[in-house]
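These notes are about the structure you will find just below.
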Protein chains: 2
Amino acid sequence: MNWVSELAGFVSVETGEAVRARHGGDVSGHDAVWPDVVAMPESAVQVAAVLAWANERELPVTPWGAGTSVEGNPIPVRGGISLSLERMNRVKEIRLEDRLAVVEAGTKYRELNRQLAGSGWQFAVEIGGDATIGGMIANNAAGPKAVKYGSTKAHVLGLEVALADGRLIRTGGRTWKQSCGYNLTQLFVGSEGTLGVITEAIVKLTPTPAVREVVVARFASVREAVRCVGAMRALDAGAIEFLDRSYMSFLGEEAADTLFCEFHTEGHGRAAEAIFLAGGATEVSRAGETLWAARLRAYTASQEANPGARLLTTDTAVPVGAFAEMVEFLQAELARRELTGYLLGHAGDGNLHVILPWRGEGEWGAVEGFHRAAVRKSLELGGTASGEHGVGMGKREFVATEHGEEAVAVMRGIKAMLDPRGILNPGKVLPERIVTNANEL
Amino acid sequence: MNWVSELAGFVSVETGEAVRARHGGDVSGHDAVWPDVVAMPESAVQVAAVLAWANERELPVTPWGAGTSVEGNPIPVRGGISLSLERMNRVKEIRLEDRLAVVEAGTKYRELNRQLAGSGWQFAVEIGGDATIGGMIANNAAGPKAVKYGSTKAHVLGLEVALADGRLIRTGGRTWKQSCGYNLTQLFVGSEGTLGVITEAIVKLTPTPAVREVVVARFASVREAVRCVGAMRALDAGAIEFLDRSYMSFLGEEAADTLFCEFHTEGHGRAAEAIFLAGGATEVSRAGETLWAARLRAYTASQEANPGARLLTTDTAVPVGAFAEMVEFLQAELARRELTGYLLGHAGDGNLHVILPWRGEGEWGAVEGFHRAAVRKSLELGGTASGEHGVGMGKREFVATEHGEEAVAVMRGIKAMLDPRGILNPGKVLPERIVTNANEL
């Protein structure tokens, strides 16, 4: 295409099949769509230049971090340009006294933590994938430690963002407190590249805990396990993970409903053990590291155990008081629909994933039906369709059901104002179909 | 006026002088402007009705909580309707298991905490004024405990908001994790009623600390005091307040640069004492409660000590590493300009207030010149013009200097989309004059 060579005049581009294929999908089960070209900018100014140029030509631009998302978030469904941030991966500043780091958007969070090793400080969001910080911000990723430290949105002080028309703006700043103008930072956090392309972030640093005590407790029922969650939060647990009996047996462990907690204060592990025993645990142990690694690898392991299958992952989160009801509902629905699903989640946040392998159209219908039932139930319990994976392609229609038509109209107004030609990650986040009655999902 | 009787047809209104006077000002030194009428809606639907009606007539509507703001935020500078939320003051739900409460916007935060007393839970933002939760959200208020718990923005899960045209929307939800659509909640937090009127909020509850240890340390210099701040944060202090020697003598205390910390873990007070002594404190004590009360009353006390004077309060926050430099700069500027100013702040956040009494135009110039110098220095150090008081009337032109012209253009775009006729709290937040070079302030 002629426009590709024009683009290549001011930014590195790749058109080879391998590179385009790699930027055509994420780890979800959504159909891959290859971009026409992958642009590899090396600076915010280059990102802005690509956008200004693409905006004039109304060419779709879909930002791409590391492709570890699970909701099709960076798939360029209308082709065009995949804007890869992978060459913008510098940690620009680490300022321990100010408790912040400044990173280019393509910096992997593990790389930032590697550079922080030994300093006593960390970027405190930990997720399964080897994601970029820009991608984590764009999707508002969370993971097991969010129960203590909050989702990614709680760790962003400021951003540099390239807008659709090529303007570069800065939002927020370098202070932990700021009450000066509208909060544009949080408008871009979680917007999945549909409102602008994050090029740089100022992120908070958090003290690394000096102590790490991991306790695993197995229970005969979900209710008993969940009844202990409040006490674990009272101990300021750094993670409160739930793995249901089916997922435990998938891991080759004893088939018990299991809670899995991490503590950062000396002695809290021992207190947790006593609480678990009082709460009816059948077994309590400290042998948690293997399980911890397995937990972080849940998605990859589910994929490996089901070669050739695609995965659908639910991401509902409910108010914590309704967590046991939600787990039991999902278990019953899996049984009733005769579906295989690995059930695990962040109990302290009420956030639960069911990972469902499926093959072909025939199985898709059943799996999707389960997903809709899960979202319906979550909304009925006061919860959300997406706790931490974002909306991407697979959860778009739930946005209106969850927030209502008027709120979605405001979201559309913001999108239209910032991206009037609709070039930024088209086909994501905002719903095509407005379903405000959950029963019609 | 004829329109007032029309308005009175569907919402309670007050037109008496005392009520209009009370809704014409806040505790700042900004000129009071009386509204033509004070509307007292009793439900979100009534708020929405007032807005829809006023929008058709292009009548200004300025939301009013408790008038405790210090930046003129709720002053109806163009007259019209003061929309008082004081009759919408119900705590609708307290859900301890879900760690949340649902309150009408006019609920005082102290009333919510009164209802929570004995439950082991609190709304964890504490400020000097007896403010409404809606007002605290609208201004993104913070206060001494923000160093541990964050500003108000960190405590809001969801909102109900009446838009300028009378639509009612809900944002966010009841879960601590949510990654489903644009974050409209944080768009309204800190927008000071210029984008919509908050009618209801879902706020987080935080465990009440079982322990409270208060330690006061006096130093011979700012540098020595500030050098201890990092260690106090490492002890997870619940507050790290700084009061300079001039403010301490104003309080009738020994004229020493003083740090004032609160801890929620047994023994951390003792550790802090040892650290302070090692850091060169001239005196360390536990007699903090009186000082704590004095600290919270700083604004009122400054007013009482200067009858007839108005107050200007600076609200800069700088990265913590630059806090000592900022304090020393401000002390030198006060001396150089021969101004009286009480200097106190939230050292753990780098947030510093100078309260400056002034009388008449003659003194205003000097006081305003100091304010501009403070903001210039703060921005130069990577800080903000407003850490926690919002923009209101007095800090508008700094918004562009701090965020840049392009970011302000985005803010204006959002304002125009949500309030095309400009009826909502006109004359606040967004600057009239664009000054992007701090030296031109």
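Nothing in this text is a laboratory measurement; each read-out follows from the coordinates by a stated rule. These figures come from a predicted structure and were not determined experimentally. Note: ideal-geometry Cβ built from the backbone for every residue, glycine included; neighbour counts use all protein chains shown.
Data for the structure
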| quantity | calculated |
| --- | --- |
| At 7 Å out from Cα toward Cβ: B:Ala287 inter-copy label distances (nm, ascending) | 5.9 |
| Three-way shape call for region B:1-208 based on the alpha-carbon gyration tensor, with the a/c threshold at 1.5 | prolate |
| Tensor-based shape of region A:5-46 (alpha-carbon gyration tensor, a/c under 1.5 rounded, otherwise prolate or oblate) | prolate |
| Order of A:Lys204, B:Lys177 under a 10 Å beta carbon neighbour criterion, fewest first | A:Lys204, B:Lys177 |
| Principal axis dimensions, the protein assembly as shown - Cα atoms, whole angstrom, descending | 80, 60, 59 |
| Region B:202-237 and region A:1-26: distance between their alpha carbon centers, rounded to Å | 53 |
| Whole-percent pair-distance distribution, where bins are 5 Å wide, for the alpha carbons of region A:2-84 | 3, 17, 29, 25, 16, 8, 2, 0 |
| Likely footprinting exposure, A:Thr194, B:Thr185, B:Thr132, fewest C-beta neighbours within 10 Å first | B:Thr185, A:Thr194, B:Thr132 |
| Nearest-to-axis residue of chain A, judged by beta-carbon position, where the axis maps A onto B, in Å | A:Gln186, 2 |
| Distance violations [Cα-Cα > 25 Å] among A:Lys92/A:Lys415; A:Lys108/B:Lys177; A:Lys204/B:Lys153; A:Lys204/B:Lys148; A:Lys415/B:Lys377; A:Lys92/A:Lys177 | A:Lys92/A:Lys415; A:Lys415/B:Lys377 |
| Rg(Cα) / (2.2 N^0.38 Å) computed for chain A, rounded to two decimals | 0.98 |
| Reachable aspartates and glutamates, given that their alpha-carbon falls under 12 Å from the alpha-carbon of B:Lys395 and they are not under 8 places away in the same chain | B:Glu71, B:Asp315, B:Glu368, B:Glu432 |
| Residue with peak Gaussian network fluctuation, chain B [Cα springs, cutoff 10 Å], from B:Ala287, B:Ala272, B:Ala164 | B:Ala287 |
| P(r), alpha carbons of region B:117-233 - 5 Å bins starting at zero, rounded % | 2, 10, 17, 18, 16, 12, 9, 7, 5, 3, 1, 0 |
| Three-way shape call for region B:210-296 based on the alpha-carbon gyration tensor, with the a/c threshold at 1.5 | oblate |
| Partner chain coverage, peptide B:186-192 - average Cβ within 10 angstrom | 5 |
| Order of B:Trp34, A:Trp3 - criterion: other Cβ atoms within 10 Å of each residue's Cβ, fewest first | A:Trp3, B:Trp34 |
| Highest-MSF residue in chain B out of B:Ala138, B:Ala373, B:Ala347 [GNM, Cα springs under 10 Å] | B:Ala373 |
| Exam field: B:Ala234 pseudo-label spacings to other copies (7 Å along Cα-Cβ), nanometres | 3.1 |
| Averaged over A:398-405, number of beta-carbon atoms from partner chains that fall within 10 Å | 4 |
| Packing-based ranking, highest mean first, of A:228-240, B:381-393 given that Cβ atoms within 10 Å are counted | B:381-393, A:228-240 |
| Net charge, A:Met326 excluded, C-beta distance under 11 Å - Lys, Arg +1, Asp, Glu -1 | -3 |
| Per-copy distances of the B:Glu254 label point, shortest first, in nm (7 angstrom along Cα→Cβ) | 6.1 |
